[in-house]
1. Decide, for the stretch 4-113, between rounded, prolate and oblate: order the square roots of the alpha carbon gyration tensor eigenvalues as a ≥ b ≥ c, take rounded if a/c falls under 1.5, and otherwise choose prolate if a/b is larger than b/c, else oblate.
2. Obtain the nm distance between the two label points defined at Lys31 and Lys87 by a simple spin-label model: each point lies 7 Å from its Cα along the Cα-to-C-beta direction.
3. So which aspartates and glutamates pass the test for Lys22, namely a Cα distance under 15 Å, with those fewer than 8 places away in the same chain ruled out?
4. Do you know the relative contact order of the stretch 4-113, to the nearest whole percent, from alpha carbon pairs under 8 angstrom that are 6+ apart?
5. Give me the net charge for the shell around Met1: Cβ to Cβ below 11 angstrom, other residues only, Lys and Arg +1, Asp and Glu -1.
6. Looking at the chain, what % of its DSSP beta bridges pair antiparallel, to the nearest 5?
7. Can you compute the FRET efficiency between Asp13 and Ser59 using 1/(1 + (r/R0)^6), with r the Cβ-Cβ distance and R0 = 30 Å? Round to the nearest 0.05.
8. Collect residues whose amide H, placed 1.01 Å from N in the peptide plane, falls under 5 Å from the amide H of His56; neighbours closer than 5 in sequence don't count.
Amino acid sequence: MLLQIDTKRIEPDITILAVSGKIALGRESHKLETAVQDLLRQDHKKIILDLSGVDHMDSTGIGIIAYCFGTLNRSNGDFRIAGATGKVLHLLQMTHLDKVMPLYPSTESASQDMGNAGAAR
C-alpha cells in the first residue's frame with residue numbers, strides 16, 4: 001500500500017497527520033517531510049504523527065521521522081508520535097528514537113500531553 005496522509009485538527013492548535021501504508025525507501029515517503037514543512041509554513045507547530053495505520057517502515061522511515069522531529073524542534077514546535085505498534089514500534093525502540101521523542105499509544109493521550117484534550121474534527 002502506498003503512503004497516504006490524512007490531516008485532522010484538534011482545536012485550537014494541534015494537527016494530526018494520520019499516516020497509513022509504508023514509510024520506506026522511495027519518493028512516496030517524502031510526502032511526509034513535505035506535509036510537515038507545509039504545516040510549519042502555515043504556522044502549525046503542534047503536530048502528532050499517528051502511525052497506527054503504518055504496516056511497514058524501514059531506515060528511510062526512521063530518517064524521515066527524525067528529520068520531522070528535528071525540523072519541529074528547530075522551529076520551537078512540538079512533535080509527538082502516536083499509535084505505533086508491532087514492527088514499527090519495535091523499530092522505533094531498536095533505534096532508540098523512543099528515548100529522543102515522545103511516543104504515545106493514541107492521539108488522545110498525545111494531545112492531552114500537549115495540553116489540549118479537545119476532539120478531532
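Here, each number is a calculation from the coordinates, and none is a lab measurement. Quick caveat: nothing in here was measured; it's all calculated off a predicted structure. Using ideal geometry, Cβ is built from the backbone for each residue, glycine included, and neighbour counts are taken over all protein chains shown.
1. rounded
2. About 2.0 nm, to one decimal.
3. Hits, sequence-local ones excluded: Asp6, Glu33, Asp50, Asp55, Asp58.
4. The value is 26 percent.
5. -1
6. Of those bridges, close to 35 percent are antiparallel.
7. 0.40
8. The answer is Ile23.
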